[in-house]
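Student: Take a look at this one; I'll ask things after.
Derivation of every value follows stated rules applied to the coordinates shown; laboratory data play no part. Just so you know, these numbers come straight off a predicted model, no measurement behind them. Here Cβ is always computed from backbone atoms with ideal geometry, including for glycine, and neighbour counts include all displayed protein chains.
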Amino acid sequence: MLQVHEVLKSYDGRAVVNRVSFEVRAGEIFALLGPNGAGKTTLIRMITDILKPDSGTIRFEGQPIGAENRQRIAYLPEERGLYKRSKVGEVIEYWGTLKGLTRAAAQREAKELLARVELSEWTDKQVQALSKGMQQKLQLCTALIGGPRLLILDEPFSGLDPVNVQLLEDILSERRAGGVTVLLSTHQMNKVEELCDRALMINKGYMVLYGPVREIRRAHADHAIMVRAQGELDGLPGVRRVEQVNGDKKLVLEPQATAGSVLRAILDRGVDVESMNMAELPLEDVFIKVVREGLGLDHGRSEIEPDALAAVAERAR
Amino acid sequence: MNWRQVFTIARREYRATVRRKAFLFTAIGTPAYFALVMYISLGPGAKEKLSTLREFTALGVVDSTGLYRDAPREIQTDIALEAPQLGAPLPPQIVRTHVQFFPDMPAAEKALRRGDLNQVLVIPADYLVRGKLRRYARSSNLFSSADGRPISAWLVEGLAGRGLDSIRTARISRPTLGMDLYALNRNGVFELKDDRRELVDFMLPLAFAMLLGLSITVGGQYLLTGVAEEKESRILESILCTVTPEELLGGKLVGLGAAGLTLVGIWVAMGIPVFGAGAVLAKATLPAGIAFIALAYFLLAYLFYGSLMTGIGSVTNNMREAQQFGVWFSFLNFAPVIGMTLILARPGGPVATIMSLFPPTAATAMMLRLMAPSSVVPAWQIGISLTLLLLAAWLALAFSARVFRIGLLMYGKTPNLPEILRWAGRK
């Protein structure tokens, strides 16, 4: 769907995005993560063809990004703004016509979108009469009109109440089911864990994490397993210590031990195991850890897309 | 460049602008304001002049020369001659001023302070040698010079002696009052230059230059503030995902230029009944093809100023900053109007020629030159002026397109000139 290859962008001799490569697959929700100033906005601006990379290529549906395919990409920027004195319906209709719809089609789609975000009764009101949350939903409509194939959302949840957060999540699920790919940039890690399939994290312009969200969380967790079981788990071979985490037990393993060998030992002891998972570090902790450690990827333990990580490590050197 | 996008943007910009209350207020309020200013400044001025003459009924004279011993004790003044001669000549309206002699100034002053007299004229003993007179009045205003004419007529009559009748006296006091001037027009024909025609000769170039200048400035100001407003409200980033900066720039230039023209069109429509009637009455002629030349100057000058203003709007951070820059562009555009007396007096002179060739002032200066009475601007000068303006507009557009593309997404400190020039040099 979207292939970003070796993209580099510099300002005044300083690389803001440094040879970043990744792929967003059709129909997935992909997270773009990174601390403030990491280069996310610059990267998004290059994907949306607002900025041109100094080198590298960006291809969308097999074609280089340009006038031919940019109308199939929609972008909801973090810094939001609308024509305050225009009417709500007219604003969406305008974006629709810019995306190539006829006026009639734009009006029809605007009506449907406003109904979906529960703003129908505001159609003929001026934008400035809307609350901040309502304006945010309106701006989402401007991104959704015209049926984009790739939806780039920068902090879409900020400023929304829980009801509207749920509404937005539902809309994203619907769009995803309809084949739309979503690139989500956010600092709300719980939303990434909840919604996203894969993620890319950049820091100071460099790629520092890339792969399935779950794998990233596991790769950065302790070498441990989470077990829900009835019975005694202390003193198992290969287990360094046992910690109680909510209703589960976290078994921190010796370096040479594997999850399979420990599970066998538990079963041999005759303990009734209800569930067992590899331990995962919350994404927020991964984020903090990676940012604090700079480019500190632990390549030896990482199980996520080793080729990509090797490339990152190479560049980091 | 996708022209469909350009016209979609142009349409929105135009509609959003002309539907604003501020637009309607400007469209109707500006002519109303000027009409009010003209009424207040010109109407009462003329009325005051006439009423000063009407109320001038008593003149005290202290004559130390004895020359005016036998002078008439009444002055008759036709005030119709003082009224503006815009329509058919007015019938005579005679106002009589009684002349009363006093032996010395204290006696005259007493009568003046009492209100028995409007003015006192003191004729010193050495008047014939030095020509100095003194006039005392109860009050003075801007239009008090109007009452100098009856006194002048009375002095002439007194000097010339009792042998002259009132008509001869009037002619001697103002011998050129009824003199008509015939001058060659731009078609090589002698035509009458009366008061009415002189007014039209002055107003027509001014109106053309002002309208052209205003349409350029108004369109440019819309661009400047529109871009600054969009940048301030962070709309641009999501638009630029869908259209290119060049399409956005093009759409704004077309849409807001059209809004500026609409505004001027409304003003012209409102002004035609007044100025058009005056021009027809005065049998004023316009240079051949003036409408096409004015349109060419409008398009090129608007492109020049509009491009620069859009570029500047994109590098500023808010409306206030943008408007500060806009003032300088407006000043540059209207510089020829400020120096219009120089241009109208010598439309073929070096100042007028240079200003009409220099791209930032070319449009308004050339309009003044073309519309100046008797002026014939060589075609080659119009050609060079338009070519230079076209070149400048193209350069301004290229410069602004580059600055616009970068400036739109830059926030924080407003860049200085070297930084802007560096942006313009980027690929």
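Student: Using the number of other C-beta atoms within 10 angstrom as an exposure proxy, rank A:S21, B:S314 with the fewest first.
Tutor: Numbers: A:S21 18, B:S314 29.
So the ranking, lowest neighbour count to highest, is A:S21, B:S314.
Student: Identify the trypsin sites (Lys or Arg not before Pro) of segment A:1-106 meeting these criteria: DSSP loop state and at most 16 other C-beta atoms within 10 Å of the C-beta. It would help to have the intermediate numbers written out before the result.
Tutor: Working: sites: A:K9, A:R14, A:R19, A:R25, A:K40, A:R45, A:R59, A:R70, A:R72, A:R80, A:K84, A:R85, A:K87, A:K99, A:R103; in loops: A:R25, A:R80, A:K84, A:R85, A:K99.
When the trypsin sites (Lys or Arg not before Pro) of segment A:1-106 are filtered for loop state and at most 16 Cβ neighbours within 10 Å, A:R25, A:K84, A:R85 remain.
Student: Now, a different point. Once a ≥ b ≥ c are taken as the square roots of the eigenvalues of the Cα gyration tensor of segment A:83-124, is the result rounded (a/c under 1.5), prolate (a/b larger than b/c) or oblate (a/b not larger than b/c)? Don't skip to the answer; put the middle values down first.
Tutor: Working: a/c = 2.27, a/b = 1.25, b/c = 1.81.
Judged from the Cα gyration tensor, segment A:83-124 comes out oblate (a/c at least 1.5, b/c at or above a/b).
Student: Let me ask something else. Is there a simple number for the mean count of other chain Cβ atoms within 10 Å of the Cβ of residues in A:142-154, and what is it? Intermediate values should be presented prior to the final figure.
Tutor: Numbers: counts 4, 3, 0, 0, 1, 0, 2, 0, 0, 0, 1, 0, 1.
Mean shielding by partner chains, rounded to a whole number: 1.
Student: Also, I was wondering about something else. Roughly what angle does helix A:162-177 make with the longest principal axis of chain A, taking Cα atoms, 0 to 90 degrees, to the nearest 10?
Tutor: Between helix and principal axis, roughly 90 degrees.
Student: While we're on this one: Which of these, B:M371, B:M340, B:M410, has the largest mean-square fluctuation under a Gaussian network model of chain B (Cα springs below 10 Å)?
Tutor: In this elastic network of chain B, the residue with the biggest mean-square fluctuation among B:M371, B:M340, B:M410 is B:M410.
Student: Could you check what % of the DSSP bridge pairs in the protein assembly as shown are antiparallel, to the nearest 5?
Tutor: On the way: 49 of 75 bridges.
Bridges in the protein assembly as shown that DSSP calls antiparallel: roughly 65 percent.
Student: Based on DSSP H assignment, which helices of chain B show an axial Cα extent of at least 20 Å together with a mean Kyte-Doolittle hydropathy greater than or equal to 0.0? Intermediate values should be presented prior to the final figure.
Tutor: Details: long enough: B:3-18 (22 Å, -0.58); B:21-55 (47 Å, 0.50); B:195-232 (53 Å, 0.48); B:245-271 (38 Å, 1.12); B:290-315 (37 Å, 1.80); B:319-338 (27 Å, 0.56); B:379-407 (41 Å, 1.49).
Counting only whole DSSP H runs, the qualifying helices are B:21-55, B:195-232, B:245-271, B:290-315, B:319-338, B:379-407.
Student: Something else: So what is the relative contact order of chain A, in percent, for Cα pairs below 8 Å that sit 6 or more residues apart?
Tutor: Working: 565 pairs, mean separation 60.1, N = 317.
Dividing the mean separation by the residue count of chain A yields 19 percent.
Student: Highest mean first, what order results for A:159-170, B:209-220, B:346-357 on Cβ atoms within 10 Å? Mind showing how you got there, number by number?
Tutor: Working: A:159-170: 14.0, B:209-220: 24.8, B:346-357: 17.7.
Taking the mean over residues of other Cβ atoms within 10 Å, the ranking is B:209-220, B:346-357, A:159-170.
Student: Under a 10 Å cutoff between Cα atoms, tell me which one of B:L59, B:L224, B:L390 has the largest fluctuation in the Gaussian network model of chain B.
Tutor: Answer for the Gaussian network model of chain B: B:L59.
Student: A further question on this structure: In segment A:21-39, whose amide N lies under 17 Å from the spot 7 Å out along Cα-to-Cβ of A:L8? List them in ranges.
Tutor: Flagged as within label range: A:21-22.
Student: Provide the packing ranking of A:189-202, A:239-252, i.e. peptides ordered by the mean count of other C-beta atoms within 10 Å per residue, highest first. Can you show the working numbers first?
Tutor: Values: A:189-202: 20.7, A:239-252: 14.6.
In descending order of packing, they fall as A:189-202, A:239-252.
Student: Then there is this: Sequence gap at least 6, Cα distance under 8 Å: using those rules, report the relative contact order of chain B to the nearest whole percent.
Tutor: Details: 582 pairs, mean separation 78.1, N = 427.
Computed over chain B, the figure is 18 percent.
Student: Continuing with this model, one more query. Over all pairs of distinct alpha carbons, what does the Kirkwood formula give as the hydrodynamic radius of chain A, in Å? Spell out each step's value before the answer.
Tutor: Working: mean 1/r = 0.0460 Å⁻¹.
Taking every pair of different Cα atoms in chain A, averaging 1/r and inverting gives 21.8 Å.
Student: Considering chain A as a Gaussian network with a 10 Å cut-off on Cα pairs, which listed residue, A:Y206, A:Y75, A:Y11, attains the greatest mean-square fluctuation?
Tutor: A:Y11
Student: Taking beta carbons within 10 Å but only from partner chains, what does the mean come to for residues B:403-410?
Tutor: On the way: counts 0, 0, 3, 1, 0, 1, 6, 0.
Mean number of neighbouring Cβ atoms from other chains: 1.
Student: Per residue of A:46-57, how many C-beta atoms from partner chains lie within 10 Å of its own C-beta, taken as a mean?
Tutor: On the way: counts 0, 1, 5, 4, 11, 4, 2, 0, 0, 0, 0, 0.
Across the residues of A:46-57, the mean count of other-chain Cβ atoms within 10 Å is 2.
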